[in-house]
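First comes the structure, then the notes that go with it.
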Amino acid sequence: MKKLILAVIVLSIGYITMVKAEEIKSVTPKEFAEAVASVPGKVGTHLQNEWANIKSHQAKSWAEMKFKFQALKEKFQPE
């Protein structure tokens, strides 16, 4: 009995997801053209954001390594 109920639930969920997957949104040529035209701006913005993230990460990383290197240097210097 439990297997039957479980099978009905699984089949119901599968049917519902299949029905939702069949809902197709049509794209007009104007929407397509706008989407394609917006790509260079989106890529440029993404690259600028990534560049800023890289610079901030490198600044933190280099500052940390400079501190660690100084500590290591002091550790091996004769007193």
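The numbers here are math on the coordinates, done by the rules we state, and not lab data. As the structure is a prediction and not an experimental result, all values here were calculated from the model.
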Summing -39500 (n - 2.57) over every DSSP H run of at least 4 residues in the chain and dividing by its residue count gives a helix-only mean residue ellipticity at 222 nm, to the nearest 500 deg cm²/dmol, of -29500 deg cm²/dmol
Pairs of lysine in the chain with Cα under 24 Å and at least 8 positions apart or on different chains: total? 9
Rounded, prolate or oblate: pick one for the chain, where a ≥ b ≥ c are the square roots of the eigenvalues of its C-alpha gyration tensor, a/c under 1.5 means rounded, and failing that, prolate if a/b is larger than b/c, else oblate. oblate
